[in-house]
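Asks: The structure under discussion is supplied below as structure tokens; questions concerning it will follow.
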Amino acid sequence: MSTQEPLYHHGNLRQALLDSSLAILRSEGIAALSLRRLAEHSGVSRGAPYHHFRDKQALLAAVGELGFAELNKLLQTLVEDEQQPLRERLHQAVLGYLDFATQQPELYALMFGRTLWQSSNDVGTAEFQRYAKDCFRQYVHLFEQLDNSLGLPSLTHLRKAQLLWATLHGLAKLSSDGIFVKPEDLADIALQALPPLSTISSHPAEIGEMIR
């Protein structure tokens, strides 16, 4: 007989439920993720998840926030890493994003799905959206640092970051849906988006040097 105490006794039921949610998401998809399925997967009573998540929407928001926490950690590390050249950090931010999106497609789909973005009435959903936007600002910071180092105008950081994120999201979506982007081509295609975004120079040789 197992000697493990109930999760409640350790005070870590919420984290255990989130871990189970990720497992369900990865193996069964978003449609399978419900509070009832979560209780069954976690081996707790049907009412236990409701102590931590008011409803399914709150659960999905919490799981989506986990994804952005992982992505935000990667980007914040790059923003703060003054040992690497800024252009290399931007390069790594592109590759890291695509790797995250392609390695965790179900979680990525949840993070950017309409379920969590077309409504902000729920408190948990609103918090999720704020956290996601904070993650996006890491790209803005990277462009701000890059432009400042080159003495470029400071009015376009947001637009550059938006264009880069839109490009990366489009590539990830097209690839995961099997439309036309091969996974092995993702990084090369994404890096082609960097030269016009950086506004470093119109000379091809100088642009090529920037992304190497």
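The numbers here are math on the coordinates, done by the rules we state, and not lab data. Because the structure is a prediction, the values reported are computed rather than measured. Backbone-built Cβ (ideal geometry, glycine too); neighbour counts: all protein chains shown.
Asks: In vacuum, with every alpha carbon of segment 14-78 counted as one equal point scatterer, what does the Debye formula give for log10 I(q)/I(0) at q = 0.15, 0.21, 0.22 Å⁻¹? Two decimals, please.
Replies: -0.45, -0.79, -0.85
Asks: Measure off 7 Å from each Cα along the Cα-to-Cβ vector at GLN162 and VAL123, then give the distance between these two points in nanometres to one decimal.
Replies: Label-label distance for GLN162 and VAL123, simple model: 3.2 nm.
Asks: What does the extension gain come out to for ASP188 and HIS51, with contour length at 0.36 nm per residue minus their alpha carbon separation?
Replies: Values: separation 137, 0.36 × 137 = 49.32 nm, distance 4.62 nm.
Roughly 44.7 nm would be gained on extension.
Asks: Before anything else, pin down the relative contact order of segment 55-210: Cα pairs under 8 Å, at least 6 apart, normalised by residue count, whole percent.
Replies: Values: 130 pairs, mean separation 41.3, N = 156.
Taking the mean separation of contacting Cα pairs over the length of segment 55-210, I get 26 percent.
Asks: Considering only DSSP states other than H, G, I, E and B, which trypsin sites (Lys or Arg not before Pro) in segment 5-93 qualify as loop sites with at most 16 other Cβ atoms within 10 Å? Write down the numbers at each step before the final one.
Replies: Numbers: sites: ARG14, ARG26, ARG36, ARG37, ARG46, ARG54, LYS56, LYS73, ARG87, ARG89; in loops: ARG46, ARG54.
Passing sites in segment 5-93 are ARG46, ARG54.
Asks: Less than 18 Å apart at the alpha-carbon level, and either on another chain or at least 8 residues along: which aspartates and glutamates does that give for LYS56?
Replies: Within reach: ASP19, GLU28, GLU40, GLU65, GLU106, ASP122, GLU127.
Asks: Classify segment 101-196: rounded, prolate or oblate, from the alpha-carbon gyration tensor (a ≥ b ≥ c, eigenvalue square roots; a/c under 1.5 rounded; otherwise prolate if a/b is larger than b/c)?
Replies: Since a/c reaches 1.5 but b/c is at least a/b, the shape of segment 101-196 is classed as oblate.
Asks: If you don't mind, another one. Over the Cα atoms of segment 17-156, Rg to Rh with Kirkwood Rh, two decimal places? Let's see the in-between values first.
Replies: Working: Rg = 17.7 Å, Rh = 16.5 Å.
Looking at segment 17-156, the ratio lands at 1.07.
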